[in-house]
Amino acid sequence: MTLELNRLDGTLAKAVESARALSVDDMAFLLSLSEPEDLARLYAAAREVKLKCCGKGVSVRGLVEAGNICAKDCFYCGIRKSNGATARYSLSADEIVSAAKAAKSLGYASLVVQSGEIESEAHTQFIEEVLRRIAPLDLGVTLSLGEQTEPVYRRWREAGAERYLLRIETSNPKLYAALHPVECSWERRVECLRALRRTGYQVGTGVMCALPGQTAEDLAHDIWFYGEMDVDMIGMGPYIPHPDTPLAATAPALSKAERLQLGLKMIAVTRLYLHDVNIAAATALQALADDGREQGVMAGANVIMPNVTETRYRRSYQLYEGKPCLDEQASLCRHCLEYRLKTIGEELLFGRRGDSPHFHRRTHT
Ligand code: SAH
């Protein structure tokens, strides 16, 4: 047995045994694996932990892309303020409520409402109204509406939202600064995560991987950061260049397979480090391979978020190139997903909210 193989065996064994057993160094080592046999063992170990800590099955959330109007100008994002090539839209309250009803009738017990970032009293009130109108549907509601003040987070929490997803994008402030205009503050994003926690949400964060200038050490540190912030949910995925953005010109020419592999390794190592958090197999994985989300589940993810936005809007909410399911009705997505998961021996957990086991542990012990 080679020394490297010994190291892999030992590292995986201690990670499966207990949460937070890996050092940042161990994580960087696992993230650097590239041999197919090594990767297969990494994913199998992560899946074992997923089964042990989250059980069999995959939680499902209907995703509503509520609007693409955004005040931010992030260098990588297709709906950035300066992208004049994107037609802007925002769903009416009626449209969001009917998407929520559609999700409910498909058997999805939870909903994610995501949009570009808007900070205004009118927008705050609009979201409050939407939340109050969907409350009778008894869905677990996640918001992903960017940076807001603590009083705004509190108002939305009181109006019925229980979970909030705000990606830190990268835990490296220098890399963050290279991907955003100066007015975007990494520190404010961290402060927002703390405010969400204080307000009583199940808190989610995440990063993009395969970013220009990012190292395996950066990614290992990202996972360590999730642990430091003690988050309940992780939504992360590979960066995919969007042609109408400044970052696309400088992005390294990685293949789809390379981006996908990094996304899967991030899921696996995060599962091995944190054990009981919810980890989503992001749609970006599906943009890189037809069965990308199923591969995500096989690497340790336990949440999938099929799109329930009316198809006519989907084309306008393109964060990256190659977004899948642009023309598929929500019901079709459900059947397709159900079938796909069966092929890997998994099933969608209909009618269950799928709260983060970590959230329960930290609030009930
Ligand atoms: N405005 C909200 C959420 C909308 S964007 C917020 O700030 O939280 C949702 C996520 O899409 C971002 O957090 C980012 O991580 C991801 N994203 C944006 N552009 C991307 C790209 N080109 N490739 C992959 N992911 C991207």
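Could you tell me how many degrees, from 0 to 90 and to the nearest 10, lie between the Cα long axis of helix 93-105 and the main elongation axis, the longest principal axis, of the Cα atoms of the chain?
With both axes taken from Cα atoms, the answer is about 50 degrees.
With an 8 Å cut-off on Cα pairs and a minimum separation of 6 or more residues, tell me the relative contact order of the range 49-363 in percent.
RCO, the range 49-363: 25 percent.
Can you classify the range 194-334 as rounded, prolate or oblate using the Cα gyration tensor, where a ≥ b ≥ c are the square roots of its eigenvalues, rounded means a/c under 1.5, and otherwise it's prolate if a/b beats b/c and oblate if not?
oblate
So if I take the centroid of the Cα atoms in the range 309-365 and the same for the range 1-70, what is the distance between those two points in Å?
That distance is 20 Å.
May I ask you to evaluate 6.51 cos²θ - 1.76 cosθ + 1.60, the Karplus curve with θ = phi - 60°, for each residue of the range 131-137 and list the ³J(HN,Hα) values in order in whole Hz, giving x for glycine and proline?
4, 5, 6, 8, 3, x, 6
So how many Å³ per residue does the convex hull of the Cα atoms of the range 49-363 work out to?
Once divided by residue count, the hull of the range 49-363 is 117 Å³.
Under 1.5 on a/c is rounded, so check that first for the range 1-113, then, if it is not, pick prolate when a/b is larger than b/c and oblate when it is not; a ≥ b ≥ c are the square roots of the alpha carbon gyration tensor eigenvalues.
The shape class here is oblate.
Pull up all non-local amide H partners of residue 67: gap of 5 or more, or a different chain, and H-to-H distance under 5 Å with H placed in the peptide plane.
91, 116
So if each residue of separation counts as 0.36 nm, and I subtract the Cα-Cα distance between residue 328 and residue 174, what length gain in nm does that give?
Gain on stretching residue 328 to residue 174: 51.5 nm.
Can you give me the Cα centroid spacing of the range 194-210 and the range 132-167 in angstrom?
Each part's Cα centre sits 13 Å from the other's.
According to the square roots a ≥ b ≥ c of the eigenvalues of the Cα gyration tensor, what is the shape class of the range 31-185, taking rounded for a/c under 1.5, prolate for a/b larger than b/c otherwise, and oblate for the remainder?
oblate
Please list 3J(HN,Hα) in residue order for the range 302-314, calculated via the Karplus relation 6.51 cos²θ - 1.76 cosθ + 1.60 where θ = phi - 60°; whole Hz, with x for glycine and proline.
My calculation for the range 302-314 gives 9, 9, 10, 10, x, 6, 10, 5, 3, 4, 5, 9, 4 Hz in order.
Run lengths n ≥ 4 of DSSP H only: what is the helix-derived mean residue ellipticity at 222 nm for the chain, with -39500 (n - 2.57) per run over all residues, to the nearest 500?
My calculation for the chain gives -14500 deg cm²/dmol from helical runs alone.
In whole Hz and in residue order, list the ³J(HN,Hα) couplings for the range 77-87 that follow from phi through the Karplus curve 6.51 cos²θ - 1.76 cosθ + 1.60, θ = phi - 60°; x for Gly and Pro.
Karplus values, whole Hz, x for Gly and Pro: 9, x, 9, 4, 3, 7, 7, x, 7, 9, 6.
Check which residues have an amide H placed less than 5 Å from residue 242's amide H, if you skip close sequence neighbours.
Amide H to amide H, under 5 Å and 5 or more residues apart or across chains, residue 242 pairs with 248, 321.
Share of the chain's accessible area from carbon and sulfur, percent, 1.4 Å?
Whole-percent figure for carbon plus sulfur exposure: 54.
The values are calculated or read from the model by the stated rules, or taken from the named source; none is laboratory data. Source: prediction; values computed, not measured. SASA here: full protein model, heavy atoms, side chains in, ligands and nucleic acids out. Shrake-Rupley method; radii C 1.70, N 1.55, O 1.52, S 1.80 Å.
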